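To keep things clear, I will list the structure first and then write my remarks on it.
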Amino acid sequence: MPQQVQGVVAPGKNEPVRVETIIVPDPGPGEAVVKIQACGVCHTDLHYKQGGINDDFPFLLGHEAAGLVESVGEGVTDVEPGDFVILNWRAVCGQCRACLRGRPWYCFDTHNAKRRMTLLDGTELSPALGIGAFAEKTLVASGQCTKVDPAVAPEVAGLLGCGVMAGIGAAINTGQVGRGDSVAVIGCGGVGDAAVAGARLAGAAKIIAVDIDDRKLETAKRMGATHTVNSRSTDPVEAIRGLTGGNGADVVIEAVGHPETYKQAFYARDLAGTVVLVGVPTPEMKLELPLLDVFGRGGSLKSSWYGDCLPSRDFPMLIDLHQQGRIDLAAFVTETIGLGDVEAAFARMRDGDVLRSVVIL
């Protein structure tokens with residue numbers, strides 16, 4: 001039987017979000033209803049609100065979440081009611097050309113729920129990243145549910161659903177940071193700090209954090225940065241080269257998503273080094289680089305979607321490492337808030353006052 005729950009809706013471009021009553025239908029074949037326990041406030045949700053993703057308003061925001069499976073639809077065997085899960089937005093299909101070639105983290109046909117959640121008047125909602133987890137309950141494809149150890153706090157586990165996984169994966173999976181490497185991370189918000197933590201976990205010898213905010217640089221040091229550069233007052237390319245024997249870093253991770261900072265990343269890497277773009281640009285942004293420089297420097301220019309993660313592999317592994325004390329996921333939680341506080345949390349995020357605000361339900 002359909003349920004009425006409270007959820008955070010973005011009604012139109014740049015309009016304030018509001019808490020609305022939404023209708024969650026019973027799960028259909030291959031679907032699950034999840035009772036949300038915690039959901040992080042991610043910059044991607046702000047992009048949705050601003051119309052930077054698409055214009056399919058109204059959006060049911062929230063996607064960085066953990067909770068308990070409440071019910072499942074026909075044919076679901078991978079999860080069952082009572083399972084503690086992290087929600088993911090890349091539920092692999094297993095049948096597309098990427099999956100069949102053994103590269104499921106590039107899946108081209110990821111699953112979402114087919115049934116639609118609505119407002120009371122029947123208006124269909126577009127769930128952010130196919131999840132919509134700023135809500136007491138949400139409907140997802142069962143493949144979007146990844147079981148993990150229920151002993152971990154929901155506000156910690158949920159962060160792997162997007163931002164923290166994106167940053168850690170950018171370092172470990174996409175950048176393939178190895179023992180002894182030098183790494184620079186440009187942009188030290190939640191994703192950038194997660195990239196710093198990922199580089200540390202991978203054994204990087206030198207981790208250079210770059211930002212224009214000294215508060216963020218201090219946080220990056222706590223996450224594992226060995227050096228910091230304030231690019232408001234210092235040329236970051238020259239600083240990174242100076243800290244790496246004049247060569248540039250082996251891996252440079254751009255976590256801003258802006259043409260200027262991407263150029264800095266490009267020129268701050270070593271010859272044959274790797275640039276990883278994990279920051280999300282906006283549709284109107286353009287990048288211009290001399291093609292001879294692209295050719296002459298060699299190496300790799302990569303983009304990292306979701307940290308090239310495979311949730312079934314990476315989520316449980318990172319939870320285990322957190323429980324062993326090898327990576328402090330709890331350090332990313334700045335504050336816990338309620339559903340009615342999301343609009344204010346967006347403002348604090350824009351001002352750089354938080355790593356993550358997490359909605360607790």
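Six or more apart or on different chains, Cβ under 9 Å: which pairs go from a residue in segment 179-202 that's closer than 14 Å to R269 by Cβ and polar (S, T, N, Q) to one that's open to solvent by 10 Å² or more (accessible area, probe 1.4 Å) and part of a helix (DSSP H, G or I)? Could you list them?
S182/L243
When you check A249 against the structure, is it touching an Asp or Glu at 6+ places or on another chain (Cβ under 7 Å), over 30 Å from G52 (Cα atoms) and open to solvent by less than 10 Å² (accessible area, probe 1.4 Å), yes or no?
Spelling it out, A249 is indeed touching an Asp or Glu at 6+ places or on another chain (Cβ under 7 Å), over 30 Å from G52 (Cα atoms) and open to solvent by less than 10 Å² (accessible area, probe 1.4 Å).
Keeping to segment 177-212, report how many residues are part of a loop (DSSP other than H, G, I, E, B) and in contact with a helix residue (DSSP H, G or I) (Cβ under 9 Å, 6 or more places away or on another chain). Show your work before the answer.
Within segment 177-212, the subset part of a loop (DSSP other than H, G, I, E, B) is 177-181, 187-189, 203-205, 212.
Still in the list and also in contact with a helix residue (DSSP H, G or I) (Cβ under 9 Å, 6 or more places away or on another chain): 177-179, 181, 187-189, 204.
Result for segment 177-212: 8.
State which residue is most open to solvent (accessible area, probe 1.4 Å) when the search covers only segment 110-156 and only residues that are without any contact (Cβ under 8 Å) to a residue 40 or more places away in the chain and within 10 Å of A91 (Cβ to Cβ).
N112
Could you please tell me which pairs satisfy a Cβ distance under 6 Å, a separation of 6+ or placement on different chains, a first residue in segment 73-97 that is on the phi > 0 side of the Ramachandran plot and free of Cβ contacts under 8 Å to residues at least 60 places away in the same chain, and a second residue that is assigned to a loop (DSSP other than H, G, I, E, B) and of a type outside the set (D, E)?
From segment 73-97, the pairs are G75/P29; G75/G30.
Could you pull out the residue among V294, V278 that is under 17 Å from A209 (Cα atoms) and not small (G, A, S)? Walk me through how you get there before you give the answer.
Numbers: V294 fails: under 17 Å from A209 (Cα atoms).
Criteria check complete, one pass: V278.
Across segment 72-81, what is the total count of residues that are touching a strand residue (DSSP E or B) at 6+ places or on another chain (Cβ under 8 Å) and in a loop (DSSP other than H, G, I, E, B)?
Total meeting the criteria: 6.
The values are calculated or read from the model by the stated rules, or taken from the named source; none is laboratory data. These numbers were taken from a predicted model, which means no experiment stands behind them. Cβ sites come from the backbone with ideal geometry, for glycine too, and all protein chains shown count toward neighbours. The protein model used for the area step is the full one, side chains on, heavy atoms only, and it has no ligands, DNA or RNA in it. Shrake-Rupley method; radii C 1.70, N 1.55, O 1.52, S 1.80 Å.
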